[in-house]
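Derivation of every value follows stated rules applied to the coordinates shown; laboratory data play no part. What you are looking at is a predicted structure, and each value in this text was computed from that prediction instead of being measured. No Cβ is skipped: glycine too gets one built from the backbone with ideal geometry, and neighbour counts run over all protein chains shown.
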Amino acid sequence: MKPRILIVDDDRLFLEQCLDMLVDLDVELLIASSGKEALEITTEKKVDLIILDLVLKDMNGEEILETIKKKNTDIDFIIVTGYATVESVIKLMKKGIFDFIKKPLIPEEFKFSILKCLKQREIIKENKKLKEYLFLYDLGKIITSSLELSKVYDNILIALSNYLPDSGIIIYNADITDYLEVKAFSGFDRNQMIELKDKIIEFINTNLSNRKDSEILNFSTENLKNNVSLKYNNFSVIPFENISEKKGYIFVFTNDISLEKQEGLKFLQKHIKLGIENALTFINAQELAYIDDLTKAYNIRYLFVSLDNELKRAERFGTNVSVLFIDLDFFKRVNDQYGHLVGSKLLIEFTNEIKKCVRGIDTVIRYGGDEFIVICTETDVELAKKVAERLRKRTEECEFLKKDGYSIHITCSIGIATYPIHGTTKTELIELADKAMYRGKELSRNIVCVAEKG
């Protein structure tokens, strides 16, 4: 786009002379014959340079300078006048004018001053762009600096908060299932997140879930149904896909975002996708060490990693986590009657039955032998009891290994402990759920028991 120059003078002859002098410059020329007209033009259009006479009929040139500078410090000024003292020139220089030229104008001097100003602006603009690119590059490095997924989410918050100060950011992702959940956030307190969480999921399902592209979209906060109380006017949605082709979204709430900043978000979007993909690839490699060879459920090594993460998340969002401790009743009889190979096949089938009774976001773990643990995220005691009872009943009614020519009936006993009602550490919850399960064994077996409050 050509540089835009505004010439402000109430002398029509002078305006025509200026236009004649500058006709061969590759610029867009505008004229204003009053201070009021000059203020209107600078409000409506982007102006790079103003050539301003100090003495106008309706306004003082110095007053025009101060008014425009308050609104836009990026505009340069060249003052032209036939009336000036050394003191007035020094005063104007201190107010940030680029140059001062005395009337009558010498064409070569006038053009040289304008070209010098435009060249300086071009250099400053290029320097700003270079600084912006280096800044974005450094932010991209922050995002991709870790292979730990939770750390990647935190790094995304750090990068975006640095790029858009005073913004609110929420990261939604589906790591394994299609269930979207909040992974990290900043700029909101816990109560605001509780209020926002479901509204945003509803917005995603209505406006984003069917989109195939990865374009960054901008919306007004009025688009959130039953508009929650927000200090932000707008939000941008940065979509991304991980290696499992699961959709994720980053919501960036702001009051104003320029076109330049939107371009910067596109650059950071690529690093966000790369950072999450790298972390998930690393997790997939790690999980090979966390999988039980027989049942393909998670093993005990993963129990403490997963439960620790869930407890941290529950503490952050003020939600519950329930631990189900499951033990098959009289499983030894199966091994004694049918042999260990059949017993192993039954454990595989039982693991699949557990997975049918819980959600994709819950974690199924083989604790050892015929003992299993399920970590139920965002699950209170009542919901945990329903899940456990569903599993108990399904196990009781199931004919195991029917396809293999057997029809084995077996039951299970289940103990429940819930954070933070029964315990606040992973060790407490596992031990309390274990004790509740053994209490059920002593009572009758084939039962669900909840941990006793301390």
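Relative contact order of the chain, please, whole-number percent, based on alpha carbon pairs below 8 angstrom and at least 6 residues apart.
Relative CO of the chain lands at 9 percent.
Can you give the Rg to Rh ratio of the range 4-123, both from alpha-carbon atoms, with Rh computed by the Kirkwood formula?
On the way: Rg = 13.0 Å, Rh = 14.3 Å.
Across the range 4-123, the Cα-based Rg/Rh ratio is 0.91.
Within 10 Å of each residue's Cβ, count the other Cβ atoms and sort 133, 232 from fewest upward.
133, 232
From the Cα gyration tensor of the range 98-232, with a ≥ b ≥ c the square roots of its eigenvalues, which class applies: rounded if a/c is under 1.5, or else prolate if a/b is larger than b/c, or else oblate?
prolate
How big is the chain by Rg and Dmax over its Cα atoms, in Å?
34.3, 114
Rounded, prolate or oblate: pick one for the range 300-450, where a ≥ b ≥ c are the square roots of the eigenvalues of its C-alpha gyration tensor, a/c under 1.5 means rounded, and failing that, prolate if a/b is larger than b/c, else oblate.
prolate
Taking the alpha-carbon distance from residue 141 and a cut-off under 17 Å, which aspartates and glutamates remain once sequence neighbours fewer than 8 residues away in the same chain are dropped?
Counting by Cα, and skipping residues close in sequence, residue 141 has these aspartates and glutamates nearby: 132, 154, 277.
So for 83, 406, fewest C-beta neighbours within 10 Å to most, what's the order?
Exposure proxy ranking, most exposed first: 83, 406.
Computed FRET efficiency, Cβ-Cβ of residue 383 and residue 296, R0 30 Å: what is it to the nearest 0.05?
After rounding, the FRET efficiency stands at 0.70.
Obtain the nm distance between the two label points defined at residue 46 and residue 150 by a simple spin-label model: each point lies 7 Å from its Cα along the Cα-to-C-beta direction.
If labels sit at residue 46 and residue 150, their model points lie 4.4 nm apart.
Which of 52, 328 comes first, and how do the rest follow, when ranked by fewest Cβ neighbours within 10 Å?
Starting with the residue having the fewest Cβ neighbours, the order is 328, 52.
Could you list which residues have their amide H under 5 Å from that of residue 31, counting only those 5 or more apart in sequence or on another chain, with H placed in the peptide plane?
7
If one takes the longest principal axis of the Cα atoms in the chain, at what angle in degrees, from 0 to 90 and to the nearest 10, does the Cα axis of helix 300-317 lie?
50 degrees
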